[in-house]
Amino acid sequence: MKGYCGKLLEIDLTNETSKEFPLKKTLLKKFIGGRGLGSKLIYDLLPPHVDPLSPENIMLILTGPLTGSAVPGSGKFVVITKSPVSGGFVDSYSSGRFAPELKFCGYDGLIIRGKAKEPMYVNLQNGKVEFMSARELWGKDTFDTEEQLREIHGTEIGCICIGPGGENLVKFASINSDFYRQAARGGVGTVMGSKKLKAIVALGHQSISCHDSKGLMELLNLHLTKLFQSPVAQNRMK
């Protein structure tokens, strides 16, 4: 279906394995976007009464059908999991390069299960999955972590990571994206830290299909013209 890759990547940190998780068109049509799809998946995949900080909790990182397109504001992802703060469902959002790069890798999102035996980060490169040691990154803040990962994997990557707060299971820890953006609701960084997952790196080159590329660009140009002609925008640009 246009706008979707049609599959997720399911990552098992305990066994350091991964597999594709196909998405049916009927599911994508009924539960639209990252939040809609994630709400359905967390309901189906997460057993009741799971401790949010146990390996049995799962973490979903999902994009939407506009992610990777030219639509302004579409470069976002949602993290959905069981919150260590409330003990219930949480959806937390952030933006940056990670979301489109994940889509360019050929996936609409990630299902993260289990717990690593030691600090780890996951490297996604055009569909290839690598489980990498994060022992040298553990204890570093998010800025130092991202800088070091960019030195290793290049400046074009999308990257999300946690800092010492997430590592030490501070209940309101966030997930950092591209230095200055955070998914900061409900302790999603705490869940990531409980899994000993320091970071995820993504870089892809696959194209995203669009139902009507010409029509989309015409619509975008129309809206951008209206935006720049508005008094509010003109005052902001002075």
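Results, tabulated for the structure shown:
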{"read-out": "Residue count for segment 206-229, restricted to those that are part of a loop (DSSP other than H, G, I, E, B) and surrounded by fewer than 11 Cβ atoms within 10 Å (Cβ to Cβ)", "value": "3"}
{"read-out": "Residue match in segment 27-38 (condition: under 19 Å from Ser177 (Cα atoms), modelled with pLDDT under 95 and touching a Leu at 6+ places or on another chain (Cβ under 6 Å))", "value": "yes"}
{"read-out": "From the options Gly73, Gly96, Gly64, residue that is more than 19 Å from Cys159 (Cβ to Cβ), at pLDDT below 95 and either of a type in the set (Asp, Glu) or under 13 Å from the mean Cα position of the chain (by Cα) (or both)", "value": "Gly64"}
{"read-out": "Subset of segment 126-177 that is at pLDDT 95 or above and basic (Lys, Arg) - its residue that is surrounded by the most Cβ atoms within 10 Å (Cβ to Cβ)", "value": "Lys140"}
{"read-out": "Output for segment 164-205, where each listed residue is outside any loop (DSSP other than H, G, I, E, B) and of a type in the set (Asp, Glu)", "value": "Glu167"}
{"read-out": "Segment 84-113, residues that are closer than 13 Å to Leu60 by Cβ and either polar (S, T, N, Q) or without any contact (Cβ under 8 Å) to a residue 40 or more places away in the chain (or both)", "value": "Ser92"}
{"read-out": "The one condition in (1) touching a residue at least 60 places away in the same chain (Cβ under 8 Å); (2) closer than 22 Å to Gln148 by Cβ that Gly189 fails to fulfil", "value": "(1)"}
{"read-out": "Selection count where residues are surrounded by 20 or more Cβ atoms within 10 Å (Cβ to Cβ) and either out of contact with any strand residue (DSSP E or B) (no Cβ under 8 Å at 6 or more places or on another chain) or more than 15 Å from Leu9 (Cα to Cα) (or both), scope segment 101-115", "value": "1"}
{"read-out": "Out of Leu203, Leu169, Leu222, sole residue that is within 16 Å of Pro72 (Cβ to Cβ) and aliphatic (A, V, I, L, M)", "value": "Leu222"}
{"read-out": "Scope segment 93-120; condition among the hydroxyl-bearing types (Ser, Thr, Tyr) and closer than 20 Å to Gly187 by Cβ; matching residues", "value": "Tyr93, Ser94, Ser95"}
{"read-out": "Residue within segment 56-63 that is within 24 Å of Ala202 (Cα to Cα), surrounded by 17 or more Cβ atoms within 10 Å (Cβ to Cβ) and not hydrophobic (A, V, I, L, M, F, W, C) present", "value": "yes"}
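The values are calculated or read from the model by the stated rules, or taken from the named source; none is laboratory data. Since we're looking at a predicted model, the values are computed, not measured. We place every Cβ from the backbone using ideal geometry, glycine too, and count neighbours over all the protein chains shown.
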